[in-house]
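Notes to accompany the following structure.
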Amino acid sequence: MTVRWDIFCTVVDNYGDIGVTWRLARQLVAEHHCAVRLWVDDLRAFERLCPQIDVSLEEQWQQGVQVRHWPQTWPATDAADVVIAAFACQLPAAYMDAMAERQTTPLWMNLDYLSAEDWVVGCHGLPSVKYKHVQKYFFFPGFQEGTGGLLREAGLLERCREFQQDAEAQRHFLQGLDVERASDTYLISLFAYENAGLASWFDAMSTNGEKFHVLVPEGRVLGDVERWLGVADLKAGAVHRRGGLTVQVLPFIRQDQYDQLLWCCDFNAVRGEDSFVRAQWAGRPMLWHIYQQEEDVHLEKLEAFLGLYTRELPDATQKAINGLWRAWNAGQDMTEHWKAARQQGPELAEHARAWCLEQASRPDLAAALVKFYVNWI
Ligand code: TRH
């Protein structure tokens, strides 16, 4: 019998919440033959990743997923077999009653934010609160054994490697974005929040003798790019050259295209949660701009990841990554750190490949969720 899943997503800000839940919903349908309803409170954010979304509809089908607008006034509905509250979002009271009234109690899980911290291993899968007799469980994504793993759809690495070995396919893809990649140029994608360190990084790239081509999808970092270039109102399509650095603004592209962009680039600056994971699957060196949290708790998460990511690397490589990532996340001067990272270029590239394979040797998050359910019933 087909298992029915309800996934609830509130878009707090940015695109990570919808980015993650949309991937998960599709994978549960495509690979585990589940019937999935994805409840989203903000269809406009969704539309940016998936332009086929019709924001005026309360209900629509996209890639086998039933996408439901989560309106302020909750429409009476029955509860599913498995209920996922993404990122601790609060379910509608009437839906929680529907869960409690079901003949077979549903499995209720909170899909948490990704963190490399050690405590995650101890908390993954533990019971959380109860509503009436319905028990909620913690489900933590993660990088280590004992966590829920990372989202990774079937065949992803194979498709990525094939694309990376196919220069013509990459050229064609980039051409579709009006990007002409010169053969002696190091291609970088840049997806970040506002960052005071950007000017020093761009200074370093424009003057160090190499050629860099930085692709910046429209978004929050553009203000810093404008200030550095001394131009106003940057829009998709803009291309500016300063010394060895070419800066090009891209439109915000579909989620699957963004993956391909990551696969094309020699280096990816990413942010938040979902692009961070996708950059790891691209198997290329990267730089993470972590989502800032109150009381700087994000810095502990950053250090936890760095500890894990760099743990087996030689000193110089470890230092280069730590220095670059810490400076970027503190909005500090990037000059020396970028130089060090470039000196470690081959080591960074090799490590990115190895890390990707190591992570891919673990069960993926969707499979882990399904297994959790099967073990629970
Ligand atoms: O947008 P984000 O900053 O989202 C963040 C994080 O998830 C953070 O953990 C969370 O607390 C906060 O939101 C509320 O970064 P993230 O997670 O990388 O999500 C971006 C999504 O947008 C991802 O699915 C990739 C997608 N994307 C595109 O589809 N096209 C694009 O052009 C770009 C740049 C991104």
Between the DSSP loop rule and a limit of at most 14 other Cβ atoms within 10 Å, which trypsin sites (Lys or Arg not before Pro) in the range 104-171 are left? Lys132
Rounded to whole Å², per residue accessible area for the chain with a 1.4 Å probe reads 44 Å²
For the chain, with a Gaussian network of springs between Cα atoms less than 10 Å apart, report the residue from Arg278, Arg37, Arg342 with the top mean-square fluctuation. Arg342
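Work the Kirkwood hydrodynamic radius out for the chain: mean of 1/r over every pair of different alpha-carbon atoms, inverted, in Å.
Final number for the Kirkwood radius of the chain is 21.8 Å.
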Find how many whole Å separate the alpha carbon centroid of the range 219-294 from the alpha carbon centroid of the range 62-131. 32 Å
So how do 323-332, 4-13, 206-215 stack up, highest first, on mean other-Cβ count within 10 Å? 4-13, 323-332, 206-215
What helix-only [θ] at 222 nm does the chain give? Using -39500 (n - 2.57) per DSSP H run of at least 4, over all residues, to the nearest 500, the answer is -12500 deg cm²/dmol
DSSP beta bridge pairing in the chain, given as percent antiparallel to the nearest 5: 20 percent
Please report how many Lys pairs in the chain have alpha carbons closer than 23 angstrom, counting only residues at least 8 apart along the chain or sitting on separate chains. 6
Among residues other than Phe212 whose Cβ falls under 11 Å from its Cβ, what is the net charge (Lys/Arg +1, Asp/Glu -1)? +1
With Cβ to Cβ distances under 13 Å as the rule, what net charge do the other residues near Val82 carry (K, R +1; D, E -1)? +3
Relative contact order as a percentage, the range 157-245, C-alpha pairs under 8 Å and 6+ apart, gives 28 percent
Using a ≥ b ≥ c from the Cα gyration tensor of the range 156-360 (square roots of the eigenvalues), is it rounded, prolate or oblate, where a/c under 1.5 gives rounded and otherwise the larger of a/b and b/c decides, a/b for prolate? rounded
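Evaluate the relative contact order of the range 156-360 (contact order divided by residue number), counting alpha-carbon pairs under 8 angstrom at least 6 apart; express in whole percent.
Details: 311 pairs, mean separation 43.9, N = 205.
This gives 21 percent for the range 156-360.
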Sorted from largest down, give the three principal axis spans of the alpha carbons of the range 79-208, whole angstrom values. 63, 35, 31
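The values are calculated or read from the model by the stated rules, or taken from the named source; none is laboratory data. What you are looking at is a predicted structure, and each value in this text was computed from that prediction instead of being measured. All Cβ positions, even for glycine, are placed from backbone atoms using ideal geometry, and neighbour counts span all protein chains on display. Ligands, DNA and RNA are stripped out before the accessible areas are found, and what is left, the full protein with its side chains, is counted by its heavy atoms. Shrake-Rupley method; radii C 1.70, N 1.55, O 1.52, S 1.80 Å.
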